[in-house]
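The structure's right below; bear with me while I get my questions together.
The values are calculated or read from the model by the stated rules, or taken from the named source; none is laboratory data. Note that the structure is predicted; figures quoted are calculated from it, not measured. Using ideal geometry, Cβ is built from the backbone for each residue, glycine included, and neighbour counts are taken over all protein chains shown.
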Amino acid sequence: MKRYKNPDIFEPLAMAYALGTLHGKARLRFEQLMAKHLYIRATVQAYQQKLNGLAELVPPQVVHARVWQGIEQQLNLKAARPSFWSRFHNQLTWALPSLAAVVAAVLTSFLLNQPSKPQAYVAALKSTQQQNQLVLAMAKHDEMTISLDMMNQNLAKEHDGMVPTLWCISKKKDEPPMRMGTLEPSKQEIALNAKMWKGLEGASEFAISLEPSSAGSQAQPQGEIILSGSLHPLAQ
Amino acid sequence: MDSLNELLLRCGRQDGLAFKQLYQQSSPKLYALCCRLVRDQSLAEDILQEGFIKIWHNAASYSIDKGQALTWMATVVRNQALDRLRLAKSRPEIHPDVDYESLEFASQAITPDLLTQLSSDTQQLLECMEHLKPEQRECILQAFYYGCTHEELAESMARPLGTVKAWIRRGLEQLRNCLA
């Protein structure tokens, strides 16, 4: 057993183990040593980290959707999702496409000359996963509607069985998001009532989540946030 | 876009959304690695699924000082595949339409552009591998990507078993000195 304390003995074995060329009884014997000795485990791990960098060179292959479905089912991930706020804030760290930057610049120029009471709000909602996905939303006081420009996307079709739902996120972190309505391919307008308009005054963001069609009208988002963007007040 | 390292760290805090993003960004490469190791797409899917479940459960033990997230995940998935290979009584037949033996992607295909995208550890490893004799290098790469045993390598390269074992042993010794 003493000889396994000699790096000239155990290091080559650790490398062979990491590479996968240690077989049969030799492998079993080495695994017993690993279980006993931290330094052998650490050496194996170090070589695994070095050699497994070769995985970076493998050309990627498309994975069937059933693999993720199996993982999600086995881990019960939908039930164990982080809180809405945690998800929302994580998404704010995503890189923004240049188109969104242009929209933001245009919106800023509007903001320079506005009176005290906004008559409209606009937002460019950016995808959390696809950099080229964008939805523009405009809430108008005189029409009491939110008009959505889906940029030729059909979110409902892309996410079968899920209903894209628009939420208004308050500037106050302790206030829950306000459900504004669902997005439908045939009707890209959401009617506003006085309470919803009032809610926009204290809002910082619009967000679109995917809600299960069977869930009904939930008071808070239950599904994944797919798009979000800052809300900008406009004067007319 | 969040880096794989950041996503894996967030998985350690049980962030399901980060896990999904991590899967989306890393599974194509890890799946390709599984396919090469086990030579069977259905089995590779099983291994990938089991591997990601382990990744989720063990993500809290990952830290940046343990290296790149992809490498860490490749270790988990590859160990899973090697365990399955050892349990199997026989190795699956190679699918006739798929060239699972090629190592081109790990040699000629490495352009200077690709090289700069690789982690520094992997760049160092590739530089060290350049110093190996071609037959040592091929044996090590075949063992890594295809899980080949000494016997399989001896057969495919039409060389005595002892010769192949010596190539691998000396190749690993050289790598050890170079990586130290």
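With respect to B:Asp83, determine if the residue is more than 7 Å from chain A (Cβ to nearest Cβ), among the acidic types (Asp, Glu) and under 22 Å from A:Glu31 (Cβ atoms). Talk me through it step by step, then tell me what you get.
Details: more than 7 Å from chain A (Cβ to nearest Cβ): yes; among the acidic types (Asp, Glu): yes; under 22 Å from A:Glu31 (Cβ atoms): yes.
Here the answer is yes, as B:Asp83 does meet what is asked.
Output the residue which, of all residues in the stretch A:173-191 that are touching a helix residue (DSSP H, G or I) at 6+ places or on another chain (Cβ under 8 Å) and surrounded by 13 or more Cβ atoms within 10 Å (Cβ to Cβ), is nearest to A:Lys140 (Cα to Cα). First the steps, then the outcome.
Initially, the stretch A:173-191 is screened for residues touching a helix residue (DSSP H, G or I) at 6+ places or on another chain (Cβ under 8 Å), giving A:173, A:177-178, A:180, A:183-185.
This time we only want the ones that are surrounded by 13 or more Cβ atoms within 10 Å (Cβ to Cβ), so: A:177-178, A:180, A:183-184.
Working: A:Pro177: 20, A:Met178: 17, A:Met180: 14, A:Leu183: 17, A:Glu184: 19 Å.
Checking each candidate, the answer is A:Met180.
Looking at the stretch B:1-53, which of its residues are in contact (Cβ under 8 Å) with a residue 60 or more places away in the chain and of a type in the set (S, T, N, Q)?
Within the stretch B:1-53, B:Ser3, B:Asn5 meet the criteria.
If B:Thr163 satisfies all but one of (1) among the β-branched types (Val, Ile, Thr); (2) buried (at least 16 other Cβ atoms within 10 Å of the Cβ); (3) more than 8 Å from chain A (Cβ to nearest Cβ), what's the number of the condition it fails?
The number of the failed condition is (2).
Restricting attention to the stretch A:30-77, which residues are within 22 Å of the chain's Cα centre (by Cα) and of a type in the set (A, V, I, L, M)?
If the condition is that a residue be within 22 Å of the chain's Cα centre (by Cα) and of a type in the set (A, V, I, L, M), then A:Val62, A:Val63, A:Ala65, A:Val67, A:Ile71, A:Leu75, A:Leu77 are the ones that fit.
Let me ask something additional. Six or more apart or on different chains, Cβ under 7 Å: which pairs go from a residue in the stretch B:167-180 that's under 14 Å from B:Arg137 (Cβ atoms) and more than 7 Å from chain A (Cβ to nearest Cβ) to one that's in a helix (DSSP H, G or I) and β-branched (Val, Ile, Thr)? Could you list them?
B:Gly171/B:Ile140
Any idea how many residues of the stretch A:70-90 are facing chain B (nearest Cβ under 7 Å), at pLDDT 90 or above and surrounded by fewer than 16 Cβ atoms within 10 Å (Cβ to Cβ)?
The qualifying residues number 1.
Give me a count of the residues in the stretch B:1-15 that are part of a helix (DSSP H, G or I) and at the interface with another protein chain (Cβ under 9 Å from one of its Cβ atoms). Let's see the steps before the verdict.
Of the stretch B:1-15, the ones part of a helix (DSSP H, G or I) are B:4-12.
Then drop every residue that is not at the interface with another protein chain (Cβ under 9 Å from one of its Cβ atoms), which leaves B:6, B:10.
So the count comes out to 2.
Something else about it: When A:Thr93 is evaluated against the numbered criteria (1) modelled with pLDDT of 75 or more; (2) within 30 Å of B:Cys11 (Cβ to Cβ); (3) of a type in the set (Ser, Thr, Tyr), which criterion, by number, is the only one it fails?
(1)
Here is a yes/no grid of residues against (1) touching a strand residue (DSSP E or B) at 6+ places or on another chain (Cβ under 7 Å); (2) at pLDDT below 95; (3) in a loop (DSSP other than H, G, I, E, B):
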{"residue": "B:Tyr31", "(1), (2), (3)": "no, no, no"}
{"residue": "B:Cys35", "(1), (2), (3)": "no, yes, no"}
{"residue": "B:Gln49", "(1), (2), (3)": "no, no, no"}
{"residue": "B:Asp65", "(1), (2), (3)": "no, yes, no"}
{"residue": "B:Ala81", "(1), (2), (3)": "no, yes, no"}
{"residue": "B:Tyr100", "(1), (2), (3)": "no, yes, yes"}
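From the list A:Ala105, A:Ala156, pick out the single residue that is surrounded by 15 or more Cβ atoms within 10 Å (Cβ to Cβ), at pLDDT below 70 and farther than 15 Å from A:Ser228 by Cα.
Working: A:Ala105 fails: surrounded by 15 or more Cβ atoms within 10 Å (Cβ to Cβ).
Checking each option against the conditions leaves just A:Ala156.
Report yes if some residue within the stretch A:186-197 is in a strand (DSSP E or B) and aromatic (Phe, Trp, Tyr); otherwise report no. Lay out the reasoning, then the answer.
Residues of the stretch A:186-197 in a strand (DSSP E or B): A:189-191.
Now drop any that are not aromatic (Phe, Trp, Tyr), which leaves none.
No, the stretch A:186-197 contains no residue that is in a strand (DSSP E or B) and aromatic (Phe, Trp, Tyr).
Looking only at helices (runs of 4 or more DSSP H) that fall completely inside the stretch A:2-69, which ones have 3 or more residues that are within 15 Å of B:Ala143 (Cα to Cα) and more than 10 Å from chain B (Cβ to nearest Cβ)?
none
Looking at the stretch A:198-212, which of its residues are without any contact (Cβ under 8 Å) to a residue 40 or more places away in the chain and part of a helix (DSSP H, G or I)?
First pass over the stretch A:198-212, keeping only residues without any contact (Cβ under 8 Å) to a residue 40 or more places away in the chain: A:198-199, A:202, A:204.
Those that are without any contact (Cβ under 8 Å) to a residue 40 or more places away in the chain and part of a helix (DSSP H, G or I): A:Lys198, A:Gly199.
So how many residues does the stretch A:213-231 have that are free of Cβ contacts under 8 Å to residues at least 40 places away in the same chain and either part of a strand (DSSP E or B) or in contact with a helix residue (DSSP H, G or I) (Cβ under 9 Å, 6 or more places away or on another chain) (or both)?
Number satisfying all stated conditions: 1.
Select from the stretch B:16-67 the residues that are in contact with a Gly (Cβ under 6 Å, 6 or more places away or on another chain) and of a type in the set (Gly, Ala, Ser) and write down the one among them that is farthest from the other protein chains (Cβ to nearest Cβ).
By that ranking, first place goes to B:Ala60.
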